1. Give me 17, 8 sorted ascending by neighbouring Cβ count inside 10 Å, so fewest comes first.
2. Residues with amide H under 5 Å of residue 16's amide H, sequence separation 5 or more or different chain, H placed in the peptide plane at 1.01 Å from N; which?
3. Can you compute 3J(HN,Hα) from phi for each residue in the stretch 148-162, using the Karplus curve 6.51 cos²θ - 1.76 cosθ + 1.60 with θ = phi - 60°, rounded to whole Hz and x for Gly and Pro?
4. Taking θ as phi - 60°, what are the ³J(HN,Hα) couplings along the stretch 120-129 by the Karplus curve (6.51, -1.76, 1.60), each to the nearest whole Hz, with x for Gly and Pro?
5. When the C-alpha atoms of the stretch 18-210 are aligned to their principal axes, what extent does each axis show, in angstrom, from largest down?
6. Please go through the stretch 107-187 and write out the chymotrypsin sites (Phe, Trp or Tyr not before Pro) that DSSP classes as loop and that have at most 10 other C-beta atoms within 10 Å.
7. Let me have the 222 nm mean residue ellipticity of the chain computed from DSSP H runs of 4+ only, each contributing -39500 (n - 2.57), with the sum over all residues rounded to the nearest 500.
8. What is the set of long-range amide H partners of residue 204 at a cut-off below 5 Å, with H atoms built 1.01 Å from backbone N?
Amino acid sequence: MSNKLTPEILSTDDNFELIEEISHNKLREFIVRQVLSHRHLIRSYAIYQATMLMLQVFLLIKAIILWNRALPEALINIGLAVVFSFSLLVILHETFHAAAYYLTGARRLHFGAIWKKFVFYVMADRQVISHRSFRIVAYTPLLLVKFLCLAGAFIFRSEPQLYFFLTVMCLHSMFCGGDMAMLAFYRLYPDREIYNFDDRKVGKTYFFARKTQNPV
């Protein structure tokens, strides 16, 4: 977080300009727009997600084969992983975001959800966040959940619980699409110094960039 900058400074200082204003009710539309706008990062993420999908298909096929051999534990663990991923893992994902925000200096944290679109988020209300800090916030759930799942898979590598941890890892890749889309937005302005802040009262996120100095 930038300790010197405030929303008031970004909004009134002539050295900064507003480059994007996002309504929290339209986060999904913004994410889709970033997916279509920046291909490099999104392509890398798509390859990763496709890999996770193929791994999940392999695990499911193998679990069904084991179930037909009267060994249902693997399939049961996959089912438990699905339930966990679409309930407690959502909370865990946003908690990791919140922890990353806190470590970068943000304090006024609030959780939000758009239930009709199954979109969840955490915001740092009216606190200016730098690009560097946002990268930490965006990547923290992806890396932590992957580490925990791989650790669990290693510990239970010879047990049915292996299927639980690997399935959670595969499903969690879908949860990170919004984070990657937000990072892709920054890449549209590779040479700009960008800051953002959330405004809980109006339900929007604002992105400001420091104006570039025109050569004399």
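Readers should treat all values here as calculations from the given coordinates under stated rules, not as data from a laboratory. Remember, predicted model here, so these are calculated numbers, not experimental data. Cβ atoms come from the backbone with ideal geometry, glycine included; neighbour counts cover every protein chain shown.
1. Listed from fewest to most nearby Cβ atoms, that is 8, 17.
2. Amide H to amide H, under 5 Å and 5 or more residues apart or across chains, residue 16 pairs with 211.
3. With coefficients 6.51, -1.76 and 1.60, one gets 4, 5, 5, 5, x, 5, 5, 5, 9, 4, 10, 10, x, 4, 3 Hz.
4. 10, 7, 10, 10, 9, 5, 6, 10, 6, 10
5. Sorted largest first, the three principal extents are 62, 32, 31 Å.
6. On the way: sites: 111, 115, 118, 120, 121, 134, 139, 147, 154, 156, 163, 164, 165, 175, 185, 186; in loops: 118, 156.
Listed in order of number, the matching sites are 118.
7. On the way: 8 runs with 127 residues, N = 216.
-19500 deg cm²/dmol, from helical runs alone.
8. 24, 199
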